[in-house]
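The values are calculated or read from the model by the stated rules, or taken from the named source; none is laboratory data. Source: prediction; values computed, not measured. Positions of Cβ are generated from backbone atoms using ideal geometry, with glycine treated the same way; all protein chains shown enter the neighbour counts. The protein model used for the area step is the full one, side chains on, heavy atoms only, and it has no ligands, DNA or RNA in it. Shrake-Rupley method; radii C 1.70, N 1.55, O 1.52, S 1.80 Å.
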Amino acid sequence: MSTYGFIGTGNMAQAMMKGLLRQGVPAKDIHITSPRSAEKLAAELGVVAMSPESLVAASDLVVLAFLPNQLEKIVQPLNLQDKLVVSVLAGVTLETLSAATKSTQIVRTLPNVNVAINQGVIAYASTVLSATHEKVFQQFADSLGHHFDVSESQFATFSAVAGSGPAYVFKFIAALAQAGTQNGLEATLATKIATQTVLGSAEMLKQSDLTAQALQNAVASPGGSTRAGLDDFDTQNFDAVVAHAILATIKHKHL
Ligand SMILES: NC(=O)c1ccc[n+]([C@@H]2O[C@H](COP(=O)([O-])OP(=O)(O)OC[C@H]3O[C@@H](n4cnc5c(N)ncnc54)[C@H](OP(=O)(O)O)[C@@H]3O)[C@@H](O)[C@H]2O)c1
């Protein structure tokens, strides 16, 4: 079993740690460091707080999980040269990571928040990894969900669809539940129904050979009530609304 070190213990690091712990990684194999929160978090989760230098020495895989503008300052004093370094720093390229860390074994990732329940979607791009480091990274990523080898030029789009995507799916669930409430369902029940409907439909799509488009048509018989609803979505330009929001997300990420 590999050991994992997190430099930075904020929202994303905690989501990843929760996923690893849920997956059965022993808490003693998770090392953390940060100036203010690490000790308290270690007491809460049972993971091990240590100095950055000790963490680098004790960890097979080192996750950079602080804010992007802190990169130089934090890694400069550390000896990361032969280390497997996994960055979650948004917008920081492999080239910049290589120059700052001096490591040749780097994986740039973009995880989404669902890593906390081992259902994450993670984009990654890497330098050429040794066979051992490749195995360690694959095991780490498998523990957190599904990972996709994506060219760095596509990270911004991936980030809009998968990184921000959970917020948009929550928005759809809230809207579906609210529409149910407006038409007579009790609010808590409406939320449960909408949530399970989205979960079951995603699972149905995943297990099916059909496309999402074909499955829409399979649910909607001609002249039926679902067809009336789908036609109304089209009249309201639902697809264009989604495309517009994704573009707004991508443009903002480029700022
Ligand atoms: N949140 C997301 O959904 C998300 C998604 C994709 C990518 N990311 C990326 O993940 C990274 C972290 O984001 P976040 O949302 O988790 O940030 P965050 O909650 O603000 O956490 C930042 C962390 O950096 C730590 N830190 C500050 N100075 C440090 C130092 N000198 N050495 C070590 N650690 C230090 C802080 O420690 P203290 O608490 O001790 O001050 C804190 O734990 C960012 O680069 C972001 O681009 C985040």
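Please work out if Ala57 is in the same structural domain as Val128 (by TED's automatic domain parsing), more than 20 Å from the chain's Cα centre (by Cα) and over 26 Å from Thr127 (Cβ atoms). So Ala57 fails the test.
Looking at segment 1-80, the helices (runs of 4 or more DSSP H) lying wholly inside it that each contain 3 or more residues that are under 22 Å from His146 (Cα atoms) sit at 11-22.
Put simply, of Val62, Val88, Val56, Val48 the only residue that is within 27 Å of Val169 (Cα to Cα) and either open to solvent by 10 Å² or more (accessible area, probe 1.4 Å) or more than 8 Å from the ligand (Cβ to nearest atom) (or both) is Val88. Within segment 45-64, residues that are modelled with pLDDT of 95 or more sit with their Cβ atoms under 6 Å from residues that are within 13 Å of the ligand (Cβ to nearest atom) and among the aromatic types (Phe, Trp, Tyr), at 6+ positions apart or across chains, in these pairs: Val63/Phe6.
Per the listing Ala167, Ala123, the residue uniquely within 13 Å of the ligand (Cβ to nearest atom), among the aliphatic types (A, V, I, L, M) and in the same structural domain as Gly200 (by TED's automatic domain parsing) is Ala167.
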